[in-house]
C-alpha cells in the first residue's frame, strides 16, 4: 500500500488526537494525554491485527471504542455547518450529528488501513501553562522514516469546564485546518444538495466497506 505524505500527517494526527488510556490524574494534562496516545493505539492494532485482516470492518469497532470518546464530534458537527446549524430543526440536527459521527468513524477506519508502525514518530513541543485554559494548542513535529523534512502539527483541544476531560476538535497540519476543510466541503454540499441531501451523503459515505488494499488519499475525504 502506498502511503502519501499528506495522508501520513492525517493518520498520525488521528492517533494523537483521539486515543487515550491514562490514569485519571493525567487526563487533565493535555500534553501528557497526547504523549500517552500513540503506544496505546499501536498496541491494540498490533494485538488485533489477525481479526482486522479477517474482517476489515472490525476497524470501525476499534474507532468507536478508542477514538470517538475523546473527540468532540458534536462540536465539530456544529462548526462545519456554521450559521446553517441554526436553520435546522431538532430532528435535522440530531440526524446530521449522527451522520457526521458515523462518517468520521469510517474515515478513521479507512485511514488506519494504511498504518505502518515502523514509519512514524511524533516529537512534542514544550508544555505551556494550561491549568486555567479552556482551549489549548499542543504543538508537535511528525518525523517520518526516509529523511523527509519534519511536518508541523498543531493539535487543538478544549474542555467545557475546568474539571472536564480534554477533547480534540481540530488539527492544523502545515497550516491547514482539517475543521476548516470539512466546513468548506459541507457548505458546498448544502448549496448543492440541501441539508437532507448532505445528511444522505454522509450516511452513504459511512456505509463504505473497509478495504485493507485500498490506496487511500486524504483527498478522498474532501470530495
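What distance in nm separates the simple spin-label points at residue 128 and residue 54, each placed 7 Å from Cα in the Cβ direction?
Spacing of the two 7 Å Cα→Cβ label points: 4.7 nm.
In whole angstrom, and with the biggest value first, how far do the Cα coordinates of region 100-187 range along each principal axis?
Each principal axis gives a Cα extent; for region 100-187 these are 41, 35, 22 Å.
Based on other C-beta atoms within 10 Å, arrange 195, 45 from fewest to most.
If I rank by nearby Cβ atoms, fewest first, I get 45, 195.
Could you tell me the calculated FRET efficiency between residue 152 and residue 203, based on Cβ-Cβ distance and R0 = 45 angstrom, to the nearest 0.05?
The pair residue 152/residue 203 has a calculated efficiency of 0.85.
To make sure I understand, if each residue's beta carbon is the centre and we count other beta carbons within 10 Å, what order do 130, 73, 58, 108 fall in, fewest to most?
With the fewest neighbours first, 130, 73, 58, 108 line up as 58, 130, 73, 108.
Taking a temperature of 20 °C and a viscosity of 1.002 mPa s, what whole-number D in µm²/s does Stokes-Einstein yield for region 30-137 with Rh from Kirkwood over alpha carbon pairs?
131 µm²/s
Given points 7 Å out from each Cα along the Cα-Cβ axis, report the residue 214 to residue 193 separation in nanometres with one decimal.
1.5 nm
Taken together, the values in this text are just the output of simple stated rules run on the coordinates, not laboratory data. Keep in mind the model is a prediction, meaning the values are calculated, not measured. Don't worry about glycine lacking a Cβ; one is built from the backbone with ideal geometry, like all the others, and counts go over all protein chains shown.
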